[in-house]
């Protein structure tokens, strides 16, 4: 038999696995959790531990990473082969529960993505401490295997006198090297990894998870005594139980997963939610923010809709699946799937060996989209549209009233031609003085002395011509009158409001009211009418059909030449 080792040039290819540094870290942590599962199967009460530490150099930068577990450790012969590509002891059918790592590639590719000097130190209960050191940049497939006092001392400092495994990464591939993108700052390293670990292992860490993958062990990322070293156990990107969350698939009260069987007989456990997050800009310094913003790892989708794919309690991938619907956002699903990682066992959803993506059988994908997810997305969108329509039936009057109170009420100094306006300015100063140090007065009316109260209103009326709006002074009542028949008003205000764009139409109403009030300051009636007519012509330029009319704009036909 002739052994054919891989060509050393494969090293460059393996370095280009596409890992983010935290993905590589999670791949190594997978092995630690698997080791604890081995130990807990023999002794369910065993106090297992997984930890990550970063050591700094003299410049205060991250220089060394330690990842360890208090699992059963490795036999000396297994340790010697642990870095062989494809080597894995986790494919046994005798295991009561499939393991997170199955390909025999994660430790190797992740190690190469993180560092150029990797040492694995391990000990079985009652045995000696062995280590294997690998410097892939020097000799791609040769490892040093031995026993040393230095490695034994480090092992016992970090793991203790019992069994376990410690992985040491030196000569890190920092962000400046182009590989791995490891941050130079240790605090940033801890913060990012802790958040990613809490998210990815949420169903393993959370004792209240309804996915039935919880494993009891201590999980720390950070130096000993660091107050933030414990990884959060209550991470929930779907916000089950939040007052703004509606469960679309799953138990309506508990959020438990619902069982689905594909036409081919494959079983999936699924839950799906719609989360109605508060919208709008940062209107207040105290605006409510959520600790765990829903969908924070859902990439590249403006409408924030998609699926978290979870295998054995560990999130593998997240991405949109169904065609996103405009008009609704924050719809997410979690799908629990099985994949042994073996080509001999059929699985309709398969993960890649870097756990950075999945491949779905086309028929299963079609079934999931059309029969499972789409009906719920459509139903949720229909409910939102009905609610918006119901709100619009009563909303336009309320919006115009609010704008009249806040915009039309004079609240700023300016040049005025009208004696009445000057009287208003005087009343504002008086009201401001009474209110203390307030800079402006906002309200429905101003008392100008005696029994005079001015009421400010906005009304939609119908009349022909180019004038889009005007301002009427009825003594005790000032009215901004908007022409509901003007093309711009129809399109920019009324039609947009009917479509549910309440914020956009309200903005135009506010702008129109402010312009109308300013034009009303023009003392000459003829001049005021001319300005209003010119304003109507100007607004017509914003008609959406302008530029699409063939009689106004002609475009040359565009020909695409495949030979260019």
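Any residue in the range 336-348 that is under 30 Å from residue 497 (Cα atoms) and modelled with pLDDT of 60 or more? The answer is no, given that none of the residues of the range 336-348 is under 30 Å from residue 497 (Cα atoms) and modelled with pLDDT of 60 or more. Considering every residue within the range 86-95, establish whether at least one is surrounded by fewer than 18 Cβ atoms within 10 Å (Cβ to Cβ), closer than 22 Å to residue 48 by Cβ, modelled with pLDDT of 75 or more and not assigned by TED's automatic domain parsing to the domain that holds residue 310. Taking every residue of the range 86-95 in turn, none turns out to be surrounded by fewer than 18 Cβ atoms within 10 Å (Cβ to Cβ), closer than 22 Å to residue 48 by Cβ, modelled with pLDDT of 75 or more and not assigned by TED's automatic domain parsing to the domain that holds residue 310.
Out of 403, 384, report the one residue that is at pLDDT 75 or above, surrounded by 15 or more Cβ atoms within 10 Å (Cβ to Cβ), over 30 Å from residue 266 (Cβ atoms) and out of contact with any strand residue (DSSP E or B) (no Cβ under 8 Å at 6 or more places or on another chain).
That would be 384, the only listed residue that is at pLDDT 75 or above, surrounded by 15 or more Cβ atoms within 10 Å (Cβ to Cβ), over 30 Å from residue 266 (Cβ atoms) and out of contact with any strand residue (DSSP E or B) (no Cβ under 8 Å at 6 or more places or on another chain).
In this structure, does residue 29 turn out to be touching a strand residue (DSSP E or B) at 6+ places or on another chain (Cβ under 6 Å) and surrounded by 23 or more Cβ atoms within 10 Å (Cβ to Cβ)?
Details: touching a strand residue (DSSP E or B) at 6+ places or on another chain (Cβ under 6 Å): no; surrounded by 23 or more Cβ atoms within 10 Å (Cβ to Cβ): yes.
No.
Selection of the range 504-539 for residues being over 13 Å from residue 400 (Cβ atoms), in a helix (DSSP H, G or I) and touching a residue at least 40 places away in the same chain (Cβ under 8 Å) yields 514, 515, 517, 519, 529, 532, 533, 535, 536, 537, 539. Among strands (runs of 3 or more DSSP E) entirely within the range 217-325, having at least 3 residues that are at pLDDT 90 or above, within 26 Å of residue 364 (Cβ to Cβ) and in contact with a strand residue (DSSP E or B) (Cβ under 8 Å, 6 or more places away or on another chain) singles out 245-249, 258-261, 267-275, 305-311. Within the range 474-503, the set of residues being in a loop (DSSP other than H, G, I, E, B) and under 15 Å from residue 400 (Cβ atoms) comprises 484 only.
Can you confirm whether the range 59-72 contains a residue that is at positive phi, surrounded by 14 or more Cβ atoms within 10 Å (Cβ to Cβ) and at pLDDT 75 or above? Scanning the range 59-72, I find no residue that is at positive phi, surrounded by 14 or more Cβ atoms within 10 Å (Cβ to Cβ) and at pLDDT 75 or above, so the answer is no.
Contact map, the range 481-501: first residue closer than 20 Å to residue 381 by Cα, second residue part of a loop (DSSP other than H, G, I, E, B), Cβ cut-off under 8 Å, separation 6 or more or different chains; pairs are 500/327.
The values are calculated or read from the model by the stated rules, or taken from the named source; none is laboratory data. Note that the structure is a prediction, hence the values are computed from the model and not measured. No Cβ is skipped: glycine too gets one built from the backbone with ideal geometry, and neighbour counts run over all protein chains shown.
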